[in-house]
Structures are given as C-alpha cells and as structure tokens.
Amino acid sequence: MADKKASVAELTEKFQSSSAVLLTEYRGLSVTQLKELRRTMANDATYVIAKNTLINIAAANAGVTAFDGQLVGPTAMAFVHGDAVATAKALKDFAKANPLLVVKTGVMDGIALSEAEVKKLADLESREVLLAKAAGAIKASLFKAAYTFNALPSHCLLYTSPSPRD
C-alpha cells in the first residue's frame, strides 16, 4: 500500500513538472528494446511504465483528463522535461523500427493531443532550428531596411541637378 502511494505521488509530480506527456502502448517489446528507447530520449524525457490504475489516479491528482479512456493494455508514458518535439521524433523513429510501439495520445501545456497531433509534433523541426530560422529572418529584414536607408541619400545626390545660377 505504501509503495502504491509513493508511486502515485511520484507519477503525480511527473505530471505536474512535465511540459508534455505522451502516452504509448508497448505490448510485445522486449526489455532490451525499451532500454534502447529510454536511451534515445534520455536528454528530453523520462519513459515510465506503470499500472493503468496508478496512472489514472496520478493524472486525476494532477488535473490531467486527456487520458480518460486511453489507459488500456500495457501503458508507458514519456514525461517530457526538455524538447517535446525531440521526444515525439524519438518515439516516431523508434516506432518505425519497432512497429509494436504505438503512440496513443498526449498532453502538452494542458492541451490534449490526438495521435495525429503527436505525429505532427514529431514532424516539426527542433526548437533550436526554428529559433535559428527566426533569427535569420529577422537579420535579413534588418539588413534590407539598413540597405534601403543607406541607398536613399546616395540616390538623392545622384539625381540632383545643379541650379542654373552656378
């Protein structure tokens, strides 16, 4: 009984401290395969296998309702503490190589995600790439503005004609 309470408390804390949680079914995967999956997402998420009743109680304690009716069969959760896109990509890539892993649903910043939305999340570029593209776009627009401002005075000097009194 004390072990179950401790497990529920730990899961509740993980729900509350995670930026996203992705629900998977791992039926048929070996321990070695699960270790490999954990290793691929170690920097961004913690992959936890728990009993459905304990997950259900912890989710309710944390105010998460996105998994209602989804906790069937062998369930594991990816609690994201880093980049949600990287975690979704790791799950997608692992599922390609190991079709027994099924990504069911997720929740990100309190918003429920369907299986299709989790797949779309996995197709996004990483946060660093998106930030680099945004910085490049800002730099390009600033460069264009600076070029335009510098070009105006030089064009004005070229097109001014001397006055007839000179």
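The values are calculated or read from the model by the stated rules, or taken from the named source; none is laboratory data. All values derive from a computational prediction rather than experimental measurement. Every residue, glycine among them, receives a Cβ derived from its backbone with ideal geometry; neighbour counts consider all protein chains shown. Remember, those area values only see protein heavy atoms, side chains included, never the ligands or the DNA or RNA. Shrake-Rupley method; radii C 1.70, N 1.55, O 1.52, S 1.80 Å.
The figures follow:
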| read-out | value |
| --- | --- |
| Taking segment 27-142 and dividing mean pair separation by its residue count, relative contact order in percent (alpha carbons under 8 Å, at least six apart) | 27 |
| Candidate lysines for bridging to LYS139, where Cα separation is under 30 Å - those fewer than 8 sequence places away on the same chain excluded | LYS89, LYS120 |
| Residues of segment 9-101: accessible area per residue with a 1.4 Å probe, Å² | 48 |
| Sulfur and carbon atoms: percent of accessible area, the chain [1.4 Å] | 60 |
| Eligible aspartates and glutamates near LYS14 by straight Cα distance, threshold 18 Å, same-chain separation 8 or greater | ASP3, ASP44, ASP68, ASP83, ASP109 |
| Accessible surface, 1.4 Å probe, highest first, among residues ASP3, ASP83 | ASP3, ASP83 |
| Helix 52-62 vs. the chain, principal-axis angle (Cα, 0 to 90°, nearest 10) | 50 |
| Largest-first ordering by accessible area, 1.4 Å probe, given options THR40, THR75, THR46 | THR40, THR46, THR75 |
| Simple spin-label estimate for ILE49 and THR148 in nanometres, 7 Å along Cα-Cβ | 6.0 |
| Exposure of LYS35 as accessible area (Å², to 10), given a probe of 1.4 Å and all protein chains | 120 |
| Radius 12 Å from Cβ of THR32, net charge of other residues (Lys, Arg +1; Asp, Glu -1) | +2 |
| Two-decimal log10 I(q)/I(0) for the chain, as the Debye equation yields it once each C-alpha is a single scatterer, q = 0.11, 0.15, 0.18 Å⁻¹ | -0.53, -0.82, -1.09 |
| For segment 87-102, Karplus couplings with θ = phi - 60° (6.51, -1.76, 1.60), whole Hz, Gly/Pro x | 5, 4, 5, 4, 5, 4, 5, 5, 5, 5, 7, 10, x, 6, 7, 10 |
